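Enquirer: Dropping a structure here in structure tokens format, bear with me for questions.
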Amino acid sequence: MRVVVQGSGRRSRRAGLAGVLWGAAELAVTVGVVVLLLVVHQVWWTNRQALAGAHEQVRELEREWSLPADVGSDASAAAEPSVAPSVSASAAASGAPVASAAPAPPAARPTPAPESAYGVLRIPRLGVVVPVAQGVDKRAVLDKGYAGHYPGTAQPGAQGNFALAGHRNTHGEPFRYINRLRAGDELIVDVRGRRYTYVVGKVLAETSERDTGVIAPVPRSTVRPEYGYGEPGAYITLTTCTPEYTSTYRLVVWGTLRR
């Protein structure tokens, strides 16, 4: 006698579909965990690493500056600012703020070595203390949590525009909250043996990444020309990406040297 079993094919198909769905769910969970780990690394771990490295660099500079001038390294000699006339820079920001009287600009000195830290930027309102390095290379400067000095712009205390770039998110994010700066806030720059205090004057909340006018010797936006200055002076410019976690536009803060 033949025994006919009904429904076995349907059950088999259902079991196969369930297996596929289970495998897809496992794959989705695995991918989600990997993405989460990448986000944690990028947003949290890189910040810890960059902050620790930047703070150690500040301490190293301060230790170096505490030594007699003839004991310092050759690098410290190169760290003295140059006051050669500045020229407008051709690159926009990569996409990313103890009062004292400023002395007269010093005699011309060698330009700091590329990608070397030679100064410290302090933004009291934000509690920021960050090394200043020569250049705006992403890997060699900005990703270390430093503020990068645009090549071709003025050095601290000199006539012209001392222009800096910094990350707004990840890698120490030193410029994350510069949008909170207001007119009258201080931006202090220390270079071996000298302190320069700038006072925030203007903020440009958003402009194009190609707006090179913001870091010109007399800074003025070429995209929004109602923002900026019209007379020569000693300026500081901070640039970073905006909105947060994007590099679509640039946020700009300007200040003038307190004489």
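Enquirer: If amide hydrogens are placed 1.01 Å from N in the peptide plane, which non-local residues have theirs closer than 5 Å to the one on residue 119?
Expert: 132
Enquirer: On the principal axes of its Cα set, how long, how wide and how thick is segment 198-250? Give whole Å, largest value first.
Expert: That works out to 33, 22, 15 Å along the principal axes.
Enquirer: Tally Lys and Arg at +1 and Asp and Glu at -1 over the other residues with C-beta under 15 Å from the C-beta of residue 256: what net charge comes out?
Expert: Taking every other residue near residue 256 into account, the sum is +2.
Enquirer: Okay, next question. Order these by the 10 Å Cβ neighbour count, fewest first: 246, 197, 240. Let's see the in-between values first.
Expert: Working: 246 12, 197 21, 240 29.
In order of increasing Cβ crowding within 10 Å: 246, 197, 240.
Enquirer: May I ask for the net charge around residue 222, where only other residues with Cβ less than 15 Å from the Cβ of residue 222 are counted and Lys, Arg are +1 while Asp, Glu are -1? Intermediate values should be presented prior to the final figure.
Expert: Numbers: positive: 210, 220, 224, 250; negative: 206, 209, 211, 226.
Once all neighbours under 15 Å are counted, the net charge is 0.
Enquirer: Taking neighbour Cβ counts within 10 Å as the exposure measure, how do 55, 167 sort from fewest upward?
Expert: Details: 55 15, 167 27.
So the ranking, lowest neighbour count to highest, is 55, 167.
Enquirer: So, counting K/R as plus one and D/E as minus one, what does the shell of residues with Cβ under 14 Å around residue 187 add up to?
Expert: Details: positive: 122, 125, 180, 182, 195, 202, 258; negative: 185, 186, 190.
Net charge in that neighbourhood comes out at +4.
Enquirer: To make sure I understand, if each residue's beta carbon is the centre and we count other beta carbons within 10 Å, what order do 51, 61, 142 fall in, fewest to most?
Expert: Details: 51 16, 61 21, 142 28.
Ascending number of Cβ neighbours within 10 Å: 51, 61, 142.
Enquirer: Fully extended, how many nm does the chain gain between residue 231 and residue 139 (0.36 nm per residue separation, minus their Cα-Cα distance)?
Expert: 29.6 nm is the gain from fully extending residue 231 to residue 139.
Quick note: the coordinates plus some simple rules give every number you see, no bench work behind them. All of these numbers come straight from a predicted model, not from anything done at the bench. In this analysis, Cβ positions are derived from the backbone assuming ideal geometry, glycine residues included, and neighbour counts consider all displayed protein chains.
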